[in-house]
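Notes for the one structure printed next.
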Amino acid sequence: MQKMDETRHESFAAYLAKALIAKKGYRPGTVPEAHALFEHCDAVLTRADGLTLSIVAIVDRESDPSRRFGLTQEALEKIGTDCLRYTGRAGYRKLPVFIAVIEAGTAPVPGEEIARLAPLKSRSPFSKVIISAFALDSSAQEIWTNTPLRGRAMRSFLQGLMDKPRLGHAELMPKPPAAMPEHRPFLLTYSLLAVLLAVFAGEYVFRTGPEAGFLDPSIKTLIALGALDKSLVLEGEWWRLFSAPLLHGGPMHIVLNGVALFFAGAVLENVIGRAWFAAVFAVSGVTGAAMSLVINPPSIVSVGASGAIMGLFAAAFAVSYRYPTASPMRSFLQSGSLRVLIPSMLPLFDGLFGQRIDYAAHLGGAIGGVALGVALVAVWQRQERLPHYRKLAWLLAAAGLAGALYSGVQIAKGYPQFDLESNLIPEAQLPRDMAAAKAKSASLVATYPRDPRSHMYRALDLMDKDESAGVEREWKAALAEGEMLHVFFKPELEEFIRANLAATLKENGKETEAREAAKPVCATAGDIREELAKEGLCR
């Protein structure tokens, strides 16, 4: 009861001004371009956060029932337009100026007053000056407004002030400012950049097959080195959730993500500390990869640290609410994060520089980052420079590092086979029939010399041309790729090659060598063995 007694004798307009200052971050007064408002109201409050500018003009009709707001919609539009210089941008969009006119009294609002206030609103939903008007009857706790949708946040705040007992002077004092971060070098950010660059260099060193473009790794290379492939993950290669965020699809990809990571570090590393910065990067990288698996079709192969980076910016936006409304720190965090988050969530730049953008990974990373950011704000003491539970943060970061190291072990185990597989003729380039195979045989041997099929096609082509020496050479070359034959093909292909080599050697007068070539086939049962036996090559 005492709390209420401290403010109960004030007019509701005076109480409202104090509440807006204490709870919503407004400050008394306004910018020079809006000084015309002072003549037509009893209090002018302003909130500027570097992104938007909000002005509230309050008329106290409880103290003076004859008091009226006297400016027209056109005058308010001009004031707002002149004040646009104080607003920022989100991407390429200039953010608006908000002007709210509030007349507060203790009597019902008659129709003629509503008719006077009704025109005080924006001409268009897309206007850069958002104008709204409110009329309050604090005795009946009723509110009228001409912008029921856009004004719902202010209306909810006003209704709460009227419905609840008045706060005391102590509760209307602004909260003490949160402890500010210490300025230190962005060592963790630089370390992460170094890791990403080292991994990208490794993509070139350990590439499998030809590059897709200048320093652009092929899809096969990316899969061999841990890219996110849905079918492989479902087969048990879950560790790709940790390796894929460290890979990149080309120079432009690594440059764009590197620049974004640098700015994320500049915005956030000193604010939440290295432990939580590392934790957010690790968790967001995994949640981004997981969302990519869930949303994208199975044919998509995904790589890149953008999910982790979006998580850092999303966490920065969430953490901004630790700082007072309209404070420079909140403005810095929100403007820095929104400038990246908004365009990164919209499909405006897909395909730019030949790069496809994984918006699912962006979304998943942002969800992970904002979840951690909200949790940090909930447990972060205002007097503490850094959030608590740093041991937990290091544990999360260590889990991410362990996952990445484990993925490296798995990549090293599977890489030889992927590297070997890169020597095979791609499915799309396989000849459709034997005539095409013979016609393309020379180019296939030149391009894929380790694929036994290339030499087989070439041998069959040379047989038609009666080039016995060349035929022998190609059958021997095909048989020499024993590792390829054993790993990727059924035994029947090797048997076919051996049988033809044995027959060719016999025709060339090398019967002893022919029997040696035929020996493994002669140890089997089947039609090919029978043909060799008829030729006298199996004894």
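Odds and ends about this structure:
- Value of [θ]222 nm, deg cm²/dmol, for the chain, DSSP H segments ≥ 4, -39500 (n - 2.57) each, nearest 500: -17500 deg cm²/dmol
- For the set 438/534; 94/128; 24/94; 476/519; 476/534; 465/519, the pairs lying more than 18 angstrom apart at their alpha carbons are 438/534; 24/94; 476/534; 465/519.
- Ratio Rg/Rh [Cα only; Rh per Kirkwood] for region 2-163: 0.95
- Ranked list, fewest to most other Cβ atoms within 10 Å of each Cβ, for 183, 40: 183, 40
- As a proxy for reagent exposure, ranking 15, 26 by other Cβ atoms within 10 Å from fewest up yields 15, 26.
- Efficiency of FRET between residue 421 and residue 378 - r from beta-carbon atoms, R0 51 angstrom, step 0.05: 0.55
- For the listed peptides 468-479, 123-134, a ranking on the average number of other beta carbons within 10 Å per residue, highest first, reads 468-479, 123-134.
- In terms of its C-alpha gyration tensor, region 404-539 has an oblate overall shape, because the principal axis ratio a/c (a ≥ b ≥ c, square roots of the eigenvalues) is not below 1.5 and a/b does not outweigh b/c.
- Region 351-421 shape via C-alpha gyration tensor axes, a/c threshold 1.5: oblate
- Pairwise label distance in nanometres, residue 342 with residue 295, each label 7 Å out on the Cα-Cβ vector: 1.9 nm
- As a proxy for reagent exposure, ranking 38, 206, 12 by other Cβ atoms within 10 Å from fewest up yields 38, 206, 12.
- Residue separation of residue 107 and residue 231 scaled by 0.36 nm, minus their Cα-Cα distance, works out to 37.7 nm of gained length.
- For residue 23, the lysines whose Cα falls under 16 Å of its own Cα, not counting residues fewer than eight places away in the same chain, are 164, 175.
- One Cα centroid belongs to region 433-456, the other to region 97-175; the line between them spans 80 Å.
- Projecting label points 7 angstrom from Cα along Cα→Cβ for residue 35 and residue 433 puts them 9.1 nm apart.
- Cα-based shape type of region 228-278, given that a ≥ b ≥ c are square roots of the gyration tensor eigenvalues and the cut on a/c is 1.5: oblate
- Size descriptor, Kirkwood hydrodynamic radius, that averages inverse alpha-carbon separations across the chain, Å: 29.1 Å
- Debye-formula intensities of region 187-421, expressed as log10 I(q)/I(0) at q = 0.07 Å⁻¹, are -0.22 (one equal scatterer per alpha-carbon, no solvent).
- Taking the chain, the Cys residues with no second Cys beta-carbon under 4.7 angstrom are 41, 83.
- Using 0.36 nm per residue and subtracting the Cα-Cα separation, the extra length available between residue 492 and residue 72 on full extension is 142.1 nm.
- The distance from the alpha carbon centre of region 488-508 to that of region 281-295 is 50 Å, rounded to a whole number.
- FRET efficiency for the pair residue 195 and residue 511, taken as 1/(1 + (r/R0)^6) with r the Cβ-Cβ distance and R0 = 51 Å, rounds to 0.25.
- Ordering of 358-371, 266-279, 426-439, 526-539 by burial proxy (mean other Cβ atoms within 10 Å per residue, highest first): 358-371, 266-279, 526-539, 426-439
FYI, it's all coordinate maths here, none of it is from the lab. Note that the structure is predicted; figures quoted are calculated from it, not measured. Neighbour counts are summed over all protein chains in view; Cβ atoms, including those assigned to glycine, are modelled from backbone coordinates with ideal geometry.
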